[in-house]
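**Q** Below you'll find the structure I mean.
The values are calculated or read from the model by the stated rules, or taken from the named source; none is laboratory data. Nothing here was measured: the structure is a model prediction, and the numbers come from that model. Every residue, glycine among them, receives a Cβ derived from its backbone with ideal geometry; neighbour counts consider all protein chains shown.
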Amino acid sequence: MRTIIMGLAFILAAGLVAAQQPAQSPAKPTNLFVSSGEVAQLIAQAKSERKPGQPIVVKPMLELGSYDGHLEYRASVGAAAVHEKEAEVFYVIEGSGTLVTGGKLMNEKRMNATNLTGSAIEGGASRPVSKGDFILVPENTPHWFSSINKTLVLFSLHVPRP
């Protein structure tokens with residue numbers, strides 16, 4: 001009985017302490033596994049949610065702290081990007097296209113404190129990409145899918161750099 005009373009007292013004290021703490025935003029979700037069936041569902045969702053003229057639909061896949069893994073469903077050419085503080089790893093799930101890396105962003109605009117966007121890339125190296133390919137884009141490197149053959153479905157992992 002003494003153990004039950006002490007346990008209840010502990011729970012009550014913890015509740016009072018928690019009530020006095022300022023409300024904090026919920027922790028970022030953690031997701032460490034996505035099955036092939038779930039990937040197929042995400043692709044179907046992205047395809048059905050895509051609006052006419054929308055170049056890309058992004059769906060969260062894997063999340064752990066500052067590591068973000070997303071499914072990218074690309075149906076047309078979108079903007080070029082530079083991530084100043086993150087490397088980005090791509091895996092081509094389906095489809096094919098052309099990836100340009102390096103060079104200079106055209107019509108550069110700041111999206112937020114650590115990311116730039118542009119309408120295209122001038123210069124840079126072009127390479128075809130297709131199902132099964134892996135690509136590593138270092139931080140501060142312009143990158144752009146300059147052509148897409150029907151659709152390009154990617155897994156994209158943002159890796160924070162010090």
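**Q** Please work out which one of (1) part of a strand (DSSP E or B); (2) modelled with pLDDT of 95 or more; (3) more than 19 Å from Leu71 (Cα to Cα) is the condition Val153 fails and give its number.
**A** (3)
**Q** Within the set of pairs 6 or more residues apart or between chains, which connect a residue that is under 14 Å from Glu94 (Cβ atoms) inside the stretch 42-53 to a residue that is hydrophobic (A, V, I, L, M, F, W, C) and surrounded by 11 or more Cβ atoms within 10 Å (Cβ to Cβ) with Cβ atoms less than 7 Å apart?
**A** Pairs found: Leu42/Met61; Leu42/Leu71; Ile43/Leu71; Ile43/Val153; Ala46/Val57; Ala46/Leu71.
**Q** If I ask for residues that are at pLDDT 95 or above, over 22 Å from Lys150 (Cα atoms) and of a type outside the set (A, V, I, L, M, F, W, C), which ones from the stretch 87-112 would you list?
**A** Glu88, Gly102, Gly103, Lys104, Asn107, Glu108, Lys109, Arg110
**Q** I need the full set of residues from the stretch 69-116 which are touching a residue at least 60 places away in the same chain (Cβ under 8 Å), charged (D, E, K, R) and part of a strand (DSSP E or B), in order please.
**A** If the condition is that a residue be touching a residue at least 60 places away in the same chain (Cβ under 8 Å), charged (D, E, K, R) and part of a strand (DSSP E or B), then Glu72, Arg74, Glu86, Glu88 are the ones that fit.
**Q** Here are some residues: Ala13, Ala23, Ala19. Which one is modelled with pLDDT under 95, out of contact with any helix residue (DSSP H, G or I) (no Cβ under 7 Å at 6 or more places or on another chain) and assigned to a loop (DSSP other than H, G, I, E, B)?
**A** Ala23
**Q** Next question. Tell me yes or no: at least one residue of the stretch 51-62 is under 16 Å from Ser147 (Cβ atoms) and at pLDDT 95 or above.
**A** Yes: one or more hits.
**Q** Okay, next question. Sort out which residues of the stretch 64-74 are of a type outside the set (Gly, Ala, Ser) and at pLDDT below 95, and write them in order of number.
**A** The answer is Leu64, Tyr67, Asp68.
**Q** Next up: Mind checking which residues of the stretch 57-68 are among the aromatic types (Phe, Trp, Tyr) and without any contact (Cβ under 8 Å) to a residue 60 or more places away in the chain? Working first, answer last.
**A** Of the stretch 57-68, the ones among the aromatic types (Phe, Trp, Tyr) are 67.
Scanning the stretch 57-68 gives no hits.
**Q** Restricting attention to the stretch 113-150, which residues are at pLDDT 95 or above and aliphatic (A, V, I, L, M)?
**A** If the condition is that a residue be at pLDDT 95 or above and aliphatic (A, V, I, L, M), then Leu116, Ala120, Ile121, Ala125, Val129, Ile135, Leu136, Val137, Ile148 are the ones that fit.
**Q** A follow-up question, please. Being under 20 Å from the mean Cα position of the chain (by Cα) and closer than 23 Å to Lys85 by Cα is the filter here; which residues of the stretch 121-145 pass it? Please lay out each step first, then the result.
**A** As a first pass, look at the stretch 121-145 and keep what is under 20 Å from the mean Cα position of the chain (by Cα): 129-145.
Scanning the stretch 121-145 gives Phe134, Ile135, Leu136, Val137, Pro138, Glu139, Asn140, Thr141, Pro142, His143, Trp144, Phe145.
**Q** How about the stretch 87-128: which of its residues are aliphatic (A, V, I, L, M) and touching a Gly at 6+ places or on another chain (Cβ under 6 Å)?
**A** Val100, Leu105, Met106, Ile121, Ala125
**Q** Given the residues Ser147, Ser156, which is the only one that is in contact with a His (Cβ under 6 Å, 6 or more places away or on another chain), of a type in the set (Gly, Ala, Ser) and in contact (Cβ under 8 Å) with a residue 40 or more places away in the chain? Quick ask: steps written out before the conclusion?
**A** Numbers: Ser147 fails: in contact with a His (Cβ under 6 Å, 6 or more places away or on another chain).
Answer to the check: Ser156.
**Q** Say whether the condition of being in a strand (DSSP E or B) and in contact (Cβ under 8 Å) with a residue 60 or more places away in the chain is met by at least one residue in the stretch 119-135.
**A** The answer is no; no qualifying residue exists.
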